[in-house]
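Colleague: Pasting a structure below so you can have a look.
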Amino acid sequence: MALEITSQNYKELIESGKPLVIDFWAEWCGPCRMVSPIIDELAQEFDGQVVIGKCDVDNNDEVSAEFRVRNIPTILFFKGGQVVDKQVGATTKEALAAKVKALL
């Protein structure tokens, strides 16, 4: 299961320097609901290697504002505390897994 990322914990996760994936989503977003189970599967598959979490944009405006998330789903990929890749819109598990592997 993916970690819940909030305004309270996101800075600490980014500053840890560990590879990090944040899925920005909302309950009312259809494409987000398609991507959500893929994010959960990747969180299990890469457990211990990459931190993978979800950030609900309706409850955490500060986080989405900081990263200028305008459309959802938006998935940001961090390495060494910096955004190194981005996926906007729904995509396949294979495409997301390749982006996660690139963080290792």
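Colleague: Select from the stretch 1-32 the residues that are hydrophobic (A, V, I, L, M, F, W, C), assigned to a strand (DSSP E or B) and open to solvent by less than 30 Å² (accessible area, probe 1.4 Å) and write down the one among them that is farthest from Val69 (Cα to Cα).
Modeller: Leu20
Colleague: Confirm whether Asp47 is farther than 15 Å from Ile14 by Cα and at pLDDT below 95.
Modeller: Answer is no for this residue.
Colleague: In the stretch 20-35, how many are under 11 Å from the mean Cα position of the chain (by Cα) and farther than 14 Å from Ile5 by Cα? First the steps, then the outcome.
Modeller: Kept after step one, since they are under 11 Å from the mean Cα position of the chain (by Cα), are these residues of the stretch 20-35: 20-25, 35.
Now restrict to residues that are farther than 14 Å from Ile5 by Cα: 35.
Residues flagged as under 11 Å from the mean Cα position of the chain (by Cα) and farther than 14 Å from Ile5 by Cα within the stretch 20-35 amount to 1.
Colleague: Under the condition of being of a type in the set (Val, Ile, Thr) and touching a Phe, Trp or Tyr at 6+ places or on another chain (Cβ under 6 Å), which residue from the stretch 33-66 is least open to solvent (accessible area, probe 1.4 Å)?
Modeller: Taking the candidates together, the pick is Val63.
Colleague: Hey, another quick one. I'd like to check something: does the stretch 76-95 contain any residue that is assigned to a helix (DSSP H, G or I), under 12 Å from Leu20 (Cα atoms) and open to solvent by less than 20 Å² (accessible area, probe 1.4 Å)?
Modeller: no
The values are calculated or read from the model by the stated rules, or taken from the named source; none is laboratory data. None of the values given here were measured: they were computed from a predicted structure. Backbone-built Cβ (ideal geometry, glycine too); neighbour counts: all protein chains shown. For accessibility, only protein heavy atoms count, side chains too; no ligands or nucleic acids. Shrake-Rupley method; radii C 1.70, N 1.55, O 1.52, S 1.80 Å.
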